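Asks: Below is a structure I'd like to ask you about.
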Amino acid sequence: MIDVFEMQYEELLELLSSWGEPSYRADQIWSWIYRSLVVQANEMHNLPRELRRRLEESLGWQVLWPVDRLLSGDGLTEKVLFHLHDEETIESVLMRYEERRTVCVSTQVGCPVGCSFCATGQSGFKRNLTAGEILAQVLHFARGLAPAGAHITNVVFMGMGEPLMNYDATWEAIRRLNDHRGFNLGARHFTISTAGWVPGIRDMAQEKQAVGLGISLHATNDELRNQLVPLNRRYPLAVLTRACREYTRKTRRRITFEYALMDGVNDTPAHAKELAELTQGLLRHVNLIPLNPTSECEYRPSRKDRIERFRRALEASGVPCTLRISRGVDIQAGCGQLRARSRDRTRVEPNS
Ligand code: SAH
Ligand code: SF4
């Protein structure tokens, strides 16, 4: 049985037409799912009873089951662990700050890249998520906000997995959430973060929608980056930065470089200078973030004075940057950490 969240609009239209239904029914159903955010055909009051029954019986209506939920001390960050059809688990985070309500979504169960500082990378790789499983994470949080009249303003692909290695499902989810007949979230409100999957960066340069691109750099020379981000052995810095230059040239869009500061590893003023040289000529912005330590990780976050020194050196080299304070550290907000916690426990309490 196909899940309704896996269907494109045209597929729904085709199904309904094969049932002899008029085409405006597809618009009504689309609006119920992506605007009213309902999860049952039974709630679609403007459809005939018989059609509602048929939709319920012929399609699946759930792809994610929330099983654990953690709220940060300040109540602004919420992390949810979901079960999938096959009992695999993924996690997603809702972050509220100022006017923004940002969902951080997963695109894979685990991750094939295996970065040495990342909880997801340490957990191995199971499978790609489907487009429905990706977008349902966003709909879940949107549903929670709706009673207060609030909306999701941003979606970042920074949860578990490497989104560009699951390119088609990731982009299908973006297109579906961007669709003006439904969820209608503008392309600029999405950001894809990649560890440097070069074929995906090239493909992104061809896309019509102006979705943001983030590159998780973390190191400024191949020797160190090979250790931290093993994908670098396949696409070393020269190849990665060339792809970034082509992307900038084609799209005129700014690239955000993510840089997790690790004590004594990548946080000297000399590293800052290298970072400036490496990204020279690109429309660039650097996001600095102190490493969020994971249980199996040998690296520690940089001390405050070292972070400050790094930031000053970067700015002196003319690189615009922001220091991101790690949000929700008290709820294991680092990618893959809630899932690791749940594996360590004997039982997961259903919640919500
Ligand atoms: N796979 C993609 C997107 C998911 S990871 C990528 O790597 O870009 C999202 C971000 O969290 C990346 O920038 C990643 O490098 C960063 N990250 C992972 N583990 C971290 C940790 N322990 N501390 C700080 N940042 C971390
Ligand atoms: Fe995968 Fe990103 Fe984690 Fe690296 S940082 S293991 S690419 S999820």
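The values are calculated or read from the model by the stated rules, or taken from the named source; none is laboratory data. Model, not experiment: these values are computed from the prediction. Every residue, glycine as well, gets a Cβ built from its backbone with ideal geometry; the counts of neighbours run over all protein chains shown.
Asks: Where in the range 188-307 are there helices (runs of 4 or more DSSP H), lying wholly inside it, with at least 1 residues that are more than 27 Å from S123 (Cβ to Cβ), away from ligand 1 (no atom under 13 Å from the Cβ) and outside the structural domain of S116 (by TED's automatic domain parsing)?
Replies: Qualifying helices (runs of 4 or more DSSP H): none found.
Asks: Of all residues in the range 234-268, how many are at positive phi and surrounded by 13 or more Cβ atoms within 10 Å (Cβ to Cβ)? Show your work before the answer.
Replies: Here is the first cut: in the range 234-268, the ones at positive phi are 252, 264.
Imposing the further condition that a residue be surrounded by 13 or more Cβ atoms within 10 Å (Cβ to Cβ) reduces the set to none.
Here the count works out to 0.
Asks: Sort out for me the helices (runs of 4 or more DSSP H) sitting completely within the range 108-182 that have 3 or more residues that are away from ligand 2 (no atom under 16 Å from the Cβ) and not charged (D, E, K, R).
Replies: 131-145, 167-178
Asks: Checking L314 against (1) more than 16 Å from ligand 1 (Cβ to nearest atom); (2) in contact with a Ser or Thr (Cβ under 6 Å, 6 or more places away or on another chain); (3) at pLDDT 95 or above: exactly one of these is not met. Which one?
Replies: (2)
Asks: What are the residue pairs meeting all of these: first residue in the range 53-68, first residue part of a loop (DSSP other than H, G, I, E, B) and modelled with pLDDT of 95 or more, second residue of a type in the set (A, V, I, L, M, F, W, C) and surrounded by fewer than 14 Cβ atoms within 10 Å (Cβ to Cβ), Cβ atoms under 9 Å, and 6 or more apart or on different chains?
Replies: If the second residue must be of a type in the set (A, V, I, L, M, F, W, C) and surrounded by fewer than 14 Cβ atoms within 10 Å (Cβ to Cβ), the pairs left are L59/M1; L59/I2.
Asks: Mind checking whether some residue in the range 151-164 is in contact (Cβ under 8 Å) with a residue 40 or more places away in the chain and at positive phi?
Replies: Taking every residue of the range 151-164 in turn, at least one turns out to be in contact (Cβ under 8 Å) with a residue 40 or more places away in the chain and at positive phi.
Asks: For P112, only one of the following conditions fails: (1) at pLDDT 95 or above; (2) surrounded by fewer than 22 Cβ atoms within 10 Å (Cβ to Cβ); (3) within 25 Å of Y299 (Cα to Cα); (4) away from ligand 1 (no atom under 11 Å from the Cβ). What is its number?
Replies: Of everything listed in (1) at pLDDT 95 or above; (2) surrounded by fewer than 22 Cβ atoms within 10 Å (Cβ to Cβ); (3) within 25 Å of Y299 (Cα to Cα); (4) away from ligand 1 (no atom under 11 Å from the Cβ), P112 misses just condition (4).
Asks: Among the residues of the range 63-83, are any buried (at least 20 other Cβ atoms within 10 Å of the Cβ), away from ligand 2 (no atom under 16 Å from the Cβ) and among the hydroxyl-bearing types (S, T, Y)?
Replies: yes
Asks: Pairs under 6 Å by beta carbon, first residue touching a residue at least 24 places away in the same chain (Cβ under 8 Å) and more than 15 Å from C111 (Cβ to Cβ) in the range 80-93, partner basic (K, R) and surrounded by fewer than 21 Cβ atoms within 10 Å (Cβ to Cβ), six or more apart or different chains?
Replies: V80/R69
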